[in-house]
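Heads up, the thing below is written out as structure tokens.
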Amino acid sequence: MIPALWSAVVLTLVVAVAALALSLLLSRRYRELHRAVQAVQARPGDAAVGMGMPAAGSPVGDFHATTTDGDRVGTADLGGADVVVAALMVGCEPCTAAVPDLVAGLGGADPAAARPLVLVVGDGEEATAYVARLAPVARVVVEDHGGTVARALGVSTFPAVLRVEGGVIRRVGNSLDAVGVTVPV
């Protein structure tokens, strides 16, 4: 009986030490990941690069789409002057919060500049609401998840704001301010 009790005590101690070691390893890994995320977020303008957004200097892929106004838009429309491109997703709270700044910032753009492009990913009433607010200040394209425009831009994280010049993505961020567009107060 006593040897069985000693065996149970030793087994319990081994399991407890193993659980403690595993907990220490997991907490160390969590701290490393937390520091890595903080380092990425500390870089203004490209906080999400590598996490669903293209890197600055990436070319825009080939795409063709129809805007909500019925106009055709494609890669060639992003091949010239500086164009602001925003991507929003239905059901994304940060995207909904970004709409007022997009309307203000894109509405105050230079009339001689290329008209901005806004991609709305998803459908339904919220997509319709995005289109109603953004269509007066930008060309708006609505597409499903994984659509051709999002793939061409290299965007799968939302909201995304890009500055494209000559068919090349020059600046990447999550807001107009992050890509150098001043939002009026």
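Laboratory data are not the source of any read-out in this text; all were calculated from the coordinates shown. Because the structure is predicted, anything quoted here is derived from the model rather than measured. Glycine gets a Cβ as well: all are built from the backbone with ideal geometry, and neighbour counts include every protein chain shown.
Between R72 and V168, residue separation times 0.36 nm minus the direct Cα-Cα distance comes to 32.6 nm. Between R151 and A55, the simple label model (points 7 Å from Cα in the Cβ direction) yields a spacing of 2.2 nm. Between P116, P54, P94, the residue with the greatest mean-square fluctuation in the GNM of the chain (Cα pairs under 10 Å linked by springs) is P94. Here the 3J(HN,Hα) profile of segment 132-145, calculated from phi with Karplus coefficients 6.51, -1.76 and 1.60 at θ = phi - 60°, is 4, 7, 9, 4, x, 10, 7, 7, 10, 10, 10, 8, 6, 4 Hz, Gly and Pro shown as x.
Entry note, the chain: the mean residue ellipticity at 222 nm calculated from DSSP H runs of n ≥ 4, each adding -39500 (n - 2.57), is -13000 deg cm²/dmol after division by the residues and rounding to the nearest 500. If the chain linking L11 and E93 were pulled fully straight, counting 0.36 nm for each residue of separation and taking away their Cα-Cα distance, it would gain 24.5 nm. With a simple spin-label model that places each label point 7 Å from the Cα along the Cα-to-Cβ direction, the separation between H64 and A135 comes to 2.4 nm. (i) 16.6; (ii) 18.6; (iii) 21.5: which one is Kirkwood radius over Cα pairs in Å as calculated from this entry? Looking at Kirkwood radius over Cα pairs in Å for this model, the match is (ii). Rounded to the nearest 10 degrees, the inclination of helix 93-107 to the longest alpha-carbon principal axis of the chain is 30 degrees.
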